[in-house]
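A.B. asks: This is the structure, below, for whatever I ask next.
The values are calculated or read from the model by the stated rules, or taken from the named source; none is laboratory data. No experiment lies behind these values; they were computed from the predicted model shown. Cβ: placed from backbone, ideal geometry, glycine included. Neighbour counts: every protein chain shown. Surface areas here come from the heavy atoms of the whole protein model, side chains and all, with no ligands, DNA or RNA. Shrake-Rupley method; radii C 1.70, N 1.55, O 1.52, S 1.80 Å.
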Amino acid sequence: MSDTHGKFIWCELMTPDPKAAADFYGKVVGWTTNDMKIENLPPYTVFEANGAGVAGLMDFPAELEGKGIPPNWTGYVAVDDVDKYAKDFAANGGSIRREPEDIPTVGRFAVVADPHGAVICIMTPLPMDNQPPPAAMGTPGHIGWHELYAGNGAEAFAFYSKLFGWTKDHDMDMGEMGAYTIFAERGTPIGGMMTKPSNVPMPAWAYYFNVPAIDAAIERVKAGGGTVVNGPMEVPGGSWIIQAVDPQGAFFCLVAPAR
């Protein structure tokens, strides 16, 4: 495996109102936007933090309408060979939701799901010139945590560790909710996974965006028409989190070092 295999490299929002979403997240997270034009592809907007691209924004695809799929954030994980690992997802009990295809000047990607149905994207990116160094952990505007509400937490960790090379940092005992597994990419903790609570309708990934302080962020979420569905909550290590839904219905999370 290469040094990038198994690394989260992107996060993307599909929404029925990209303009409204850009305004909402610009105010809540502090992102600016930059439109990206690729010939023969739909319009695409890049969310930036201090000039660095951190996430993408696109119109909800017409082919997904009427299939019960809400507006959503989806993460991208780098793999060495997207065609091979898409097949590996299927061979290990998962599924391919969109066959591998090229994005000109960007890379080759596929949409896949784990054995319990949680969807994620995999990509073999094209080499980039003058790529900026990764932001320090906790940098505002960047993605601070990746969380899986799994159909079965233990089975999910075994699946992803086999395909992406993730390792277990440690388990946290959450009582009746079971174990919360902190997983690491090359020794650095990057997220957690757990068996989903009964009130979570389906297995899914969630993404936490860094903000400086959680209470002020809550006010921005509410002022922008979003809804806080959980929190504020202090988590081990002293950070504060909320889980929320944006005005178009996409679930997202925020994490901050201060209340």
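A.B. asks: How much length, in nm to one decimal, is gained on full extension between Ile69 and Thr139, taken as 0.36 nm per residue of separation minus their Cα-Cα distance?
C.D. replies: 22.1 nm
A.B. asks: Quickly rank 67-75, 189-197 as a protection proxy: mean count of other C-beta atoms within 10 Å, highest first.
C.D. replies: 189-197, 67-75
A.B. asks: Can you pull a Stokes-Einstein diffusion coefficient for region 142-256 at 4 °C (1.567 mPa s), Rh from Kirkwood over Cα pairs, as a whole number of µm²/s?
C.D. replies: 87 µm²/s
A.B. asks: A follow-up question, please. Quick one: accessible surface of Arg259, probe radius 1.4 Å, all protein chains present, in square angstrom to the nearest 10.
C.D. replies: Spelled out: Arg259, probe radius 1.4 Å, area about 120 Å².
A.B. asks: Cα centroids of region 219-259 and region 10-51: how far apart, whole angstrom?
C.D. replies: Rounded to whole Å, the Cα centres lie 19 Å apart.
A.B. asks: Can you classify the chain as rounded, prolate or oblate using the Cα gyration tensor, where a ≥ b ≥ c are the square roots of its eigenvalues, rounded means a/c under 1.5, and otherwise it's prolate if a/b beats b/c and oblate if not?
C.D. replies: Rounded, since a/c falls under 1.5.
A.B. asks: Sticking with this structure for a sec: Which whole-number percent gives the relative contact order of the chain, counting Cα pairs below 8 Å spaced six or more residues apart?
C.D. replies: Averaging sequence separation for qualifying contacts and normalising by length gives 18 percent for the chain.
A.B. asks: Then there's this: Once a ≥ b ≥ c are taken as the square roots of the eigenvalues of the Cα gyration tensor of region 83-149, is the result rounded (a/c under 1.5), prolate (a/b larger than b/c) or oblate (a/b not larger than b/c)?
C.D. replies: oblate
A.B. asks: Towards the positive end of the charge dipole of the chain, with charges on Cβ (+1 Lys, Arg; -1 Asp, Glu), say which of Met174, Thr139, Ala154 has the farthest Cα.
C.D. replies: Met174
A.B. asks: Pairs to check: Lys196/Lys222; Lys67/Lys168; Lys27/Lys222. Give those whose C-alpha atoms are more than 23 Å from each other in this structure.
C.D. replies: Lys196/Lys222; Lys67/Lys168
A.B. asks: Name the long-range amide H neighbours of Met36: under 5 Å, sequence gap of 5 or more, or other chain; modelled H, no Pro or chain starts.
C.D. replies: Under 5 Å from the amide H of Met36 lie the amide H atoms of Tyr44, Thr45, Val46, each far enough along the sequence or on another chain.
A.B. asks: So what's the back-of-envelope 222 nm ellipticity for the chain, counting only DSSP H runs of four-plus at -39500 (n - 2.57) apiece and dividing by all residues, rounded to 500?
C.D. replies: -5000 deg cm²/dmol
A.B. asks: For Gly192, enumerate residues with amide H under 5 Å from its amide H, sequence gap 5+ or separate chain, H modeled in the peptide plane.
C.D. replies: Hits under the 5 Å cutoff: His146, Glu147, Leu148, Phe183.
A.B. asks: With θ set to phi - 60°, apply the Karplus curve 6.51 cos²θ - 1.76 cosθ + 1.60 along region 201-215 and write out the HN-Hα couplings as whole Hz, x wherever there is a Gly or Pro.
C.D. replies: x, 8, x, 6, 8, 10, 10, 9, 9, 6, 10, x, 8, 7, 5
A.B. asks: So what is the relative contact order for region 38-111, in percent, with contacts set as C-alpha pairs under 8 Å and at least six apart?
C.D. replies: Normalised by residue count, the contact order of region 38-111 is 17 percent.
A.B. asks: I would also like to ask the following. What does the C-alpha gyration tensor say about the overall shape of region 1-140? Classify as rounded when a/c is under 1.5, otherwise prolate if a/b is larger than b/c, or oblate.
C.D. replies: oblate
A.B. asks: Which of the aspartates and glutamates could a cross-linker span from Lys87 if the Cα-Cα distance has to be under 15 Å and same-chain partners fewer than 8 positions apart are dropped?
C.D. replies: Result set, ordered by chain and number: Glu99, Glu101, Asp114.
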